[in-house]
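Chemist: Just dropping this structure here.
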Amino acid sequence: MTENSYICIMQTETHNFEKVADYCNLIGAECQHPLVAVVDSEKTSIEHPRELKARWGVFGLFLKRTKGCTINYGRTSYDYDDQSVVCIGPGQLTHSVSSSDDITPSFRALVFHPDLLYRTSLARKIREYTFFGYDSHEALHLSLHERATIEECFDRIANELSHPIDRYSKNLIVSNIELLLEYCMRYYSRQFTVREVINDGLMARFNDLLDRFFQDPDEYGRGLPNVKYFADKMSLSANYFGDLVKRESGVTAQEYIHRSMLSRAKMLLLDETSNVSQTAYSLGFQYPQHFIRFFKRKTGQTPREYINAN
């Protein structure tokens with residue numbers, strides 16, 4: 001989450017949200033369960049800060065209600081102004097501010113601890129919901145119908161939390177959280193399609209960055225190319241960038257990078273002015289033997305065998 005977020009406050013200290021109660025206590029929200037809470041900003045006893053720096057040890061999913069707080073994707077502004085969702089995952093450091101002092105932000109939040117998922121099917125699937133690693137300018141923008149569905153999921157979880165805890169509570173709560181995340185996944189998929197024109201040219205820019213990475217000697221000191229490096233170059237989070245590449249190419253961003261490295265390696269190996277060691281160093285490998293293992297794993301041949309065969 002960056003400066004363009006919708007959560008508001010006037011403090012600059014960094015808050016540590018290691019437990020669900022840490023967040024609830026900050027804004028005066030009732031914490032009915034030690035591992036999960038549904039928070040409504042309009043029903044809290046403390047006004048939410050206009051500026052909030054936080055280190056998260058829990059998952060957070062925020063449904064924004066307030067109009068007037070523009071969500072930006074990089075340098076581009078988008079509508080669905082009061083219909084957006086921002087997701088935060090454990091380990092993230094966030095900084096969020098309101099866009100106007102005249103607006104009191106309104107939102108609903110689902111906050112849950114990773115321990116809630118212990119020994120559930122969602123524990124095995126949670127990494128599939130890559131939007132927990134997105135930046136706030138990559139928020140999910142909802143239509144009115146989609147928002148109604150998300151609100152219904154919030155209501156289901158809140159209603160379950162209002163019941164006394166019994167042996168069915170955990171499964172019902174986790175099942176409804178999983179349902180909510182599945183809807184978010186569906187809507188993100190729709191968003192990728194809607195934003196196809198904006199994303200158009202992504203692969204061309206990616207390929208251009210790959211070419212420059214291998215051609216510019218100044219880049220060699222960076223080591224092997226990785227997803228985060230190219231995502232940063234394109235002002236995207238690694239997860240969001242990876243999802244876009246997978247959608248456009250059919251393979252993961254890391255596999256796409258490996259294929260590019262392999263293609264360039266083959267070209268260099270068949271160039272009489274280059275040898276195995278030089279090829280390895282030009283691709284970013286620190287040691288030639290690491291390149292040899294990489295090449296054989298991808299092709300079934302050592303670089304020398306490939307040269308002899310071709």
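The values are calculated or read from the model by the stated rules, or taken from the named source; none is laboratory data. Everything numeric here is computed off the predicted structure, so don't read it as measured data. Note: ideal-geometry Cβ built from the backbone for every residue, glycine included; neighbour counts use all protein chains shown. Calculation scope for accessible area: heavy atoms of the full protein, side chains included, ligands and nucleic acids excluded. Shrake-Rupley method; radii C 1.70, N 1.55, O 1.52, S 1.80 Å.
Chemist: Could you figure out which of (1) over 30 Å from Tyr134 (Cα atoms); (2) open to solvent by 70 Å² or more (accessible area, probe 1.4 Å); (3) acidic (Asp, Glu) isn't true of Asp271?
Modeler: Status for Asp271: all satisfied but (2).
Chemist: Turning to a different aspect of this structure: In region 11-21, what residues are buried (at least 19 other Cβ atoms within 10 Å of the Cβ) and over 24 Å from Leu172 (Cα atoms)? Full working, then the answer.
Modeler: To start, the set of residues in region 11-21 that are buried (at least 19 other Cβ atoms within 10 Å of the Cβ) comprises 17, 20.
The one that is buried (at least 19 other Cβ atoms within 10 Å of the Cβ) and over 24 Å from Leu172 (Cα atoms): Phe17.
Chemist: Count, please, the residues in region 220-242 that happen to be in contact (Cβ under 8 Å) with a residue 60 or more places away in the chain, surrounded by 14 or more Cβ atoms within 10 Å (Cβ to Cβ) and within 19 Å of the chain's Cα centre (by Cα).
Modeler: 6
Chemist: Are any residues in region 133-144 open to solvent by 10 Å² or more (accessible area, probe 1.4 Å) and modelled with pLDDT of 85 or more, and if so, which ones?
Modeler: Selection gives Ser143, Leu144.
Chemist: Looking at region 42-84 only, could you name the residues that are among the aliphatic types (A, V, I, L, M) and at pLDDT below 50?
Modeler: Here is the first cut: in region 42-84, the residues among the aliphatic types (A, V, I, L, M) are 46, 52, 54, 58, 61, 63, 71.
If the condition is that a residue be among the aliphatic types (A, V, I, L, M) and at pLDDT below 50, then Ile71 is the only one that fits.
Chemist: To continue, here is another question. Output the residue which, of all residues in region 22-34 that are open to solvent by 30 Å² or more (accessible area, probe 1.4 Å) and touching a strand residue (DSSP E or B) at 6+ places or on another chain (Cβ under 9 Å), is modelled with the highest pLDDT.
Modeler: Checked region 22-34; the qualifying residue modelled with the highest pLDDT is Asp22.
Chemist: Does Tyr183 satisfy the condition of being at pLDDT 95 or above and among the hydroxyl-bearing types (Ser, Thr, Tyr)? Write out each step before concluding.
Modeler: Details: at pLDDT 95 or above: yes; among the hydroxyl-bearing types (Ser, Thr, Tyr): yes.
Against the criterion (at pLDDT 95 or above and among the hydroxyl-bearing types (Ser, Thr, Tyr)), Tyr183 qualifies.
Chemist: Pick from region 33-59 the residues that are basic (Lys, Arg) and assigned to a strand (DSSP E or B): which of them is nearest to Val20 (Cα to Cα)?
Modeler: Here is the first cut: in region 33-59, the residues basic (Lys, Arg) are 43, 50, 53, 55.
In the following step, the residues that additionally are assigned to a strand (DSSP E or B) were identified as 53, 55.
Details: Lys53: 16, Arg55: 13 Å.
Across region 33-59, the extreme among qualifying residues is Arg55.
Chemist: Another question about this same structure. From Val276, Val245, which residue is buried (at least 18 other Cβ atoms within 10 Å of the Cβ) and without any contact (Cβ under 8 Å) to a residue 40 or more places away in the chain? Let's see the steps before the verdict.
Modeler: Numbers: Val245 fails: without any contact (Cβ under 8 Å) to a residue 40 or more places away in the chain.
After applying the criteria, what remains is Val276.
Chemist: Still on this structure, I have one more. Among residues belonging to region 157-173 that are in contact with a His (Cβ under 8 Å, 6 or more places away or on another chain) and modelled with pLDDT under 95, point out the one that is surrounded by the fewest Cβ atoms within 10 Å (Cβ to Cβ). Write out each step before concluding.
Modeler: Within region 157-173, the first condition is being in contact with a His (Cβ under 8 Å, 6 or more places away or on another chain), and the residues that meet it are 161, 165, 169, 173.
From what's left, modelled with pLDDT under 95: 165, 169.
Values: Ile165: 13, Ser169: 15.
Top of the filtered list is Ile165.
Chemist: Which residue pairs have Cβ atoms under 6 Å apart, sit 6 or more places apart or on different chains, and have a first residue in region 105-116 that is within 7 Å of Leu35 (Cβ to Cβ) and a second that is part of a strand (DSSP E or B)?
Modeler: Partner pairs satisfying both residue conditions: Phe112/Val36; Phe112/Phe59; Leu116/Val36.
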